[in-house]
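Asker: Supplied in structure tokens, the structure appears directly below.
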Amino acid sequence: MTVKVQTEDFDLSTEAGALRRAHPEAGALACFVGVVRDLNQGVAVSAMELEHYPGMTEKSLDAIIEQARARWPIADALVIHRYGKLAPTDQIVLVAVATAHRGDAFAACEFIMDYLKTAAPFWKKETTADGAHWVDARDTDARALEKWKSPGEQTSNK
Amino acid sequence: MKIQLRFFASVREALGVADEAVQLPDSIVTVGDVRSWLRARGGDWAETLAEGRALRMACNHEMTGAGTRLTEGCEVAFFPPVTGG
């Protein structure tokens, strides 16, 4: 299980290849890459800056992976999240999960991303024609967590 | 009690402070108490840390609620809802 928080870009093939070769027992490798868009809610974005909380970021990502491991038999998982200055089409985040079969890999990868969106301390600041502004958190990200909760934990008002 | 404060993103910019070490009065014992205590500084502090504002709090690198009790030397952070990924 690996967590990296870095300014540098990453190479999907290199990272996926390393996971694949380290785990011959894993028949499935699900990878998600989050990318900077050039349009957010109808407004053209020319640049993005990501801030994070060093120390807490790594701890929260480790905790999210641990939660995923408690739910699915994960051979290995990797999260790389970038911070600093980024441009449209740049890669922001990679989540890669290796498991024996595909169902667990897809589910665990989506679970990790959904939790990362609401629990990992990163903040995006976009530059548009009007200047730079902080991106507001989206209700849809909070709602995405609902599907991972047991019926007793679900809330109807958040 | 002495604690370390951290502020991030829009909260950091609104307050003009990234971190600060503070000596708390004895009456301040929870994370929520710290928020009210800082609000009493007025101006941007009162506005940015107001009740009802979307604000997240962490104590020693874990997201936490207002009722969490402080410990000597702990690190308390205030920031907006996260927007990574």
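Read the figures in this text as sums done on the coordinates, not as results from a lab. These numbers were taken from a predicted model, which means no experiment stands behind them. Here Cβ is always computed from backbone atoms with ideal geometry, including for glycine, and neighbour counts include all displayed protein chains.
Asker: Report the Rg/Rh value for chain B, based on alpha-carbon coordinates and the Kirkwood definition of Rh.
Answerer: With Rh from the inverse mean 1/r over Cα pairs, Rg/Rh is 0.93.
Asker: While we're here: Any chance you could get the radius of gyration and Dmax over the Cα atoms of the protein assembly as shown, in Å?
Answerer: When restricted to the Cα atoms of the protein assembly as shown, Rg and Dmax are 19.4, 60 Å.
Asker: While we're here: Calculate the FRET efficiency for A:Thr14 and B:Val17 from the Cβ-Cβ distance with a Förster distance of 41 Å, rounded to the nearest 0.05.
Answerer: Efficiency for this residue pair is about 0.55.
Asker: Further question: Working out 0.36 nm times the residue gap between A:Gln6 and A:Arg138, then minus their Cα-Cα distance, what length gain in nm do you get to one decimal?
Answerer: 45.1 nm
Asker: OK, next. For the stretch A:2-146, take the alpha-carbon Rg, divide it by the Kirkwood Rh, and send me Rg/Rh. Intermediate values should be presented prior to the final figure.
Answerer: Numbers: Rg = 15.7 Å, Rh = 15.9 Å.
Here Rg/Rh amounts to 0.98.
Asker: When the chain is fully extended, how far beyond the present Cα-Cα distance does B:Arg69 get from B:Met1, taking 0.36 nm per residue of separation?
Answerer: Result: 23.3 nm gained on full extension.
Asker: What number comes out for the charge environment of A:Arg82, summing +1 per Lys or Arg and -1 per Asp or Glu over other residues with Cβ under 10 Å away?
Answerer: Surrounding charge for A:Arg82 is -1.
Asker: Give the lysines whose C-alpha is closer than 28 Å to that of A:Lys85, dropping any in the same chain fewer than 8 places away, or say none.
Answerer: Candidates past the 8-residue exclusion: A:Lys4, A:Lys59, A:Lys117, A:Lys124, A:Lys125.
Asker: Related question: Under the rule of at least 5 residues apart or a separate chain, name every residue whose amide H is placed under 5 Å from the amide H of A:Asn40.
Answerer: Here the answer is A:Val45, since their amide H atoms fall under 5 Å of that of A:Asn40.
Asker: Taking the Cα of A:Leu39, stepping 7 Å toward and past its beta carbon, and measuring to each backbone N in the stretch A:83-109: which are under 19 Å?
Answerer: Within reach of a label on A:Leu39: A:87-90.
Asker: Can you list which of the trypsin sites (Lys or Arg not before Pro) found in the stretch B:3-63 are DSSP loop residues with at most 14 other C-beta atoms within 10 Å?
Answerer: B:Arg41, B:Arg53
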